[in-house]
1. Do we have residue 71 as small (Gly, Ala, Ser) and in a helix (DSSP H, G or I) here?
2. Is it true that some residue in the range 2-10 is more than 27 Å from residue 127 (Cα to Cα), in a helix (DSSP H, G or I) and in contact (Cβ under 8 Å) with a residue 40 or more places away in the chain?
3. Taking the range 57-98 on its own, how many of its residues are within 22 Å of residue 126 (Cα to Cα) and either hydrophobic (A, V, I, L, M, F, W, C) or under 12 Å from the mean Cα position of the chain (by Cα) (or both)?
4. Grab the helices (runs of 4 or more DSSP H) fully contained in the range 104-221, keeping just those with 2 or more residues being within 21 Å of residue 50 (Cβ to Cβ) and at pLDDT below 95.
5. Check the range 21-36 and report whether any residue there is surrounded by fewer than 17 Cβ atoms within 10 Å (Cβ to Cβ) and either in contact with a strand residue (DSSP E or B) (Cβ under 8 Å, 6 or more places away or on another chain) or small (Gly, Ala, Ser) (or both).
6. So, residue 8, is that one surrounded by fewer than 16 Cβ atoms within 10 Å (Cβ to Cβ) and over 15 Å from the mean Cα position of the chain (by Cα) or not?
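The values are calculated or read from the model by the stated rules, or taken from the named source; none is laboratory data. Everything quoted here is computed from the prediction, not taken from an experiment. Using ideal geometry, Cβ is built from the backbone for each residue, glycine included, and neighbour counts are taken over all protein chains shown.
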Amino acid sequence: MLQLAAREALRRERFEDVWSNELNDAFADIARYYDRANEIAALGMWGEFLDRFMRSIEVSPGQKVLDVCAGTNAVGIALLKREPSLDVQAMDRSAAMQEVGQQNASALGFLIKSEIGDVHRLPFPNEHFDVVTLQFASRHLRVAEVFSEIRRVLKPGGHFYHSDMLRPRNPVVKTLYYGYLKTCLNFTSTIVGSGPSAVKFKQYFIDALDYFYSAEELSIMLRQLGFTEVSVDRVFYGMIGFHKAVNPDR
């Protein structure tokens with residue numbers, strides 16, 4: 001198993017150019033059908049994955065919540081449905097994704113603040129948020145940098161909730177998983193009518209997962225960065241993980 005620092009350096013070497021120069025175009029294409037494509041790719045279970053993530057999140061009235069890589073605001077909307085008094089701030093690099101997300105929130109009468117920018121440098125004060133969430137985006141990020149920024153903006157005692165597809169440790173599971181994803185991505189891109197910017201990234205999405213972390217490795221990283229009370233709920237033999245962590249008192 002690669003040491004975490006070595007894996008992070010390898011990911012950056014392999015994907016930095018894609019992350020910096022190409023990924024935004026892909027998500028600009030994907031934005032218009034992102035939620036529908038995920039539902040198709042997950043065989044109708046996408047809503048269940050979101051519900052499971054939501055069940056792991058604890059919020060109280062009036063809390064400040066930051067949703068990092070908010071995309072189409074699925075997390076923020078789900079939280080506001082549960083507790084309308086929350087102060088929800090979304091941040092994403094893709095203006096196209098957030099445009100869809102703002103439309104989704106407005107259609108339900110919800111206000112979600114929106115910030116477009118690089119999530120590796122969060123433009124918020126230290127110890128500002130009670131809760132930070134990050135769902136299905138870490139594979140496209142310099143994870144240690146983003147997690148460190150999240151800890152910075154969390155209040156002492158604040159909670160970080162993370163969900164993403166992960167790299168299974170079992171080689172048989174991994175082979176079957178990647179085979180399914182390749183077939184699924186080809187089928188889904190045809191059904192939803194993906195544009196050229198998205199189609200060219202089908203292999204990237206597999207490669208990014210293969211270079212990513214297992215559930216256990218991500219737990220170790222969170223602890224190394226200073227988070228405490230780290231736990232993970234694994235799904236499908238570690239194909240997906242739901243992590244919880246606390247920013248300890250200073």
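1. no
2. Within the range 2-10 (the criterion being more than 27 Å from residue 127 (Cα to Cα), in a helix (DSSP H, G or I) and in contact (Cβ under 8 Å) with a residue 40 or more places away in the chain), the answer is yes, since at least one residue qualifies.
3. Adding up the residues that qualify gives 13.
4. Of the helices (runs of 4 or more DSSP H) lying wholly inside the range 104-221, those with at least 2 residues that are within 21 Å of residue 50 (Cβ to Cβ) and at pLDDT below 95 span 171-192, 202-210.
5. no
6. No, not satisfied.
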